[in-house]
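Student: This structure is in structure tokens; I'll ask about it shortly.
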Amino acid sequence: MKKIQQRMRDHKYEDAVGTFRAAREVWPEEGIFGVDGIPEDEELDMLGTIYNTDLGVEVSEMNQDESQDNSENDDEDEEDDEEPSTAVVETDFDFKDFVLRFCHARVVSACVYLLERYDKNLPHTNHCIVKMLHRIAWDCNRPVMMFQATLFLIFQRVLHNPVP
């Protein structure tokens, strides 16, 4: 959201709207950036809210509790329970670095294992598996990780399987 707000304040409105819509596609289930097919006036209202919202550092201070203990001598001791204050800081999300975390042989192995039963998987599941393999091969520039005989045999089986 900070990036969207910054682009609007820099008068880069097309970039701000593009980032807003891209965020909607990346995180559709949360609905923070609206839903697909949102009317333009609602989208404009949401962008206005982002523009006017203070997205800086929020500090929430905990109230200090004072407790009194009565000792055997009826002396009162006051104790201040100091709880650490928390700060929420928004950082930029680098999608490329996020995808690079999945460039691992175990991830490819898990995808291959799931694709072995492609005919029993939901079409969306198969799409997600293939998309993950695509991201590893192309977005991370590691097509060598796809050179596995098992994966080639699965793709061959998929190509020769008649469409249901």
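Student: What is the residue count in region 28-40 for residues that are over 20 Å from V89 (Cα atoms) and surrounded by 11 or more Cβ atoms within 10 Å (Cβ to Cβ)?
Tutor: 3
Student: Sort out which residues of region 113-125 are exposed (fewer than 14 other Cβ atoms within 10 Å of the Cβ) and not acidic (D, E), and write them in order of number. Steps first, please.
Tutor: The initial filter retains those residues of region 113-125 that are exposed (fewer than 14 other Cβ atoms within 10 Å of the Cβ), namely 113, 117, 119-120, 122-124.
Those that are exposed (fewer than 14 other Cβ atoms within 10 Å of the Cβ) and not acidic (D, E): Y113, R117, K120, L122, P123, H124.
Student: Filter region 126-164 for residues that are of a type in the set (V, I, T) and loosely packed, with under 10 Cβ neighbours inside 10 Å; which is farthest from R101 (Cα to Cα)? Break it down stepwise before answering.
Tutor: The initial filter retains those residues of region 126-164 that are of a type in the set (V, I, T), namely 129-130, 136, 144, 150, 154, 158, 163.
Narrowing further to those that are loosely packed, with under 10 Cβ neighbours inside 10 Å: 144, 163.
Values: V144: 16, V163: 34 Å.
It comes out as V163.
Student: Same structure, new question: Starting from region 83-108, take each residue that is within 26 Å of L151 (Cα to Cα) and list its partners that are assigned to a loop (DSSP other than H, G, I, E, B) and among the hydrophobic types (A, V, I, L, M, F, W, C), counting only C-beta distances under 7 angstrom and pairs at least six apart or across chains.
Tutor: Once the first residue is within 26 Å of L151 (Cα to Cα) and sits in region 83-108, its partners that are assigned to a loop (DSSP other than H, G, I, E, B) and among the hydrophobic types (A, V, I, L, M, F, W, C) give V99/C140; L100/C140; C103/C140.
Bear in mind these aren't lab numbers, they're just calculated from the coordinates by the rules spelled out. Source: prediction; values computed, not measured. Positions of Cβ are backbone-derived with ideal geometry, glycine not excepted, and every protein chain shown enters the neighbour counts.
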